[in-house]
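Working notes for the structure below.
The values are calculated or read from the model by the stated rules, or taken from the named source; none is laboratory data. Just so we're clear, the structure is a prediction, and the values are computed from it rather than from any experiment. Neighbour counts run over all protein chains shown; Cβ positions are idealised from the backbone, glycine included.
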Amino acid sequence: MLSTMSHIPTTFPDRASSFRVAIRITHPEILPELITQQIGREPDVEKAVGGQRVTPKGTVLPGLNNESYWFLRGPESDDLPHLIDWANSVMQGAVPFVQKLLSTGGRLEYFIGCFIKEQLGTSLEPSLIAKCADLGVTLVFDMYGELGG
């Protein structure tokens, strides 16, 4: 099954600054269906290794996917530690699977969108970072918005 990801605009005139966390998993061999089964959540986007490459809007591209891709959007909030806790709780039940996934060439990322209207900041406690490290999570930050001077 192929899902498409809607475009996230880079400016939000009516929104205060906030964060959004998504869980992103890639693997050179494991199919998205197995990831879904092990995690127990339906992804928003999935692409299978060996499947036809397509853009998020569904336009067919030349070639085949060189890895499987699994993406679950999470909630949005100005409380980033709470969002990371949410992602950790989703993944906590799949620790043995995640360890196998990582040891066989896979990658587990928390994709953190930072939607900046004027100013945005947060802090991450060592215990929260340790939980991410124990799960083998890579934290990926992507900034959206205008940073005026």
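A few comments on the model shown:
- Test: A130 is more than 19 Å from T36 (Cα to Cα) and hydrophobic (A, V, I, L, M, F, W, C): yes
- Residues satisfying the stated conditions in segment 104-149, i.e. of a type in the set (K, R), at pLDDT 95 or above and either touching a Ser or Thr at 6+ places or on another chain (Cβ under 9 Å) or farther than 22 Å from G93 by Cβ (or both): R107
- Those residues of segment 101-149 which are farther than 17 Å from A22 by Cα and polar (S, T, N, Q), in sequence order: S103, T104, Q119, T122, S123, S127
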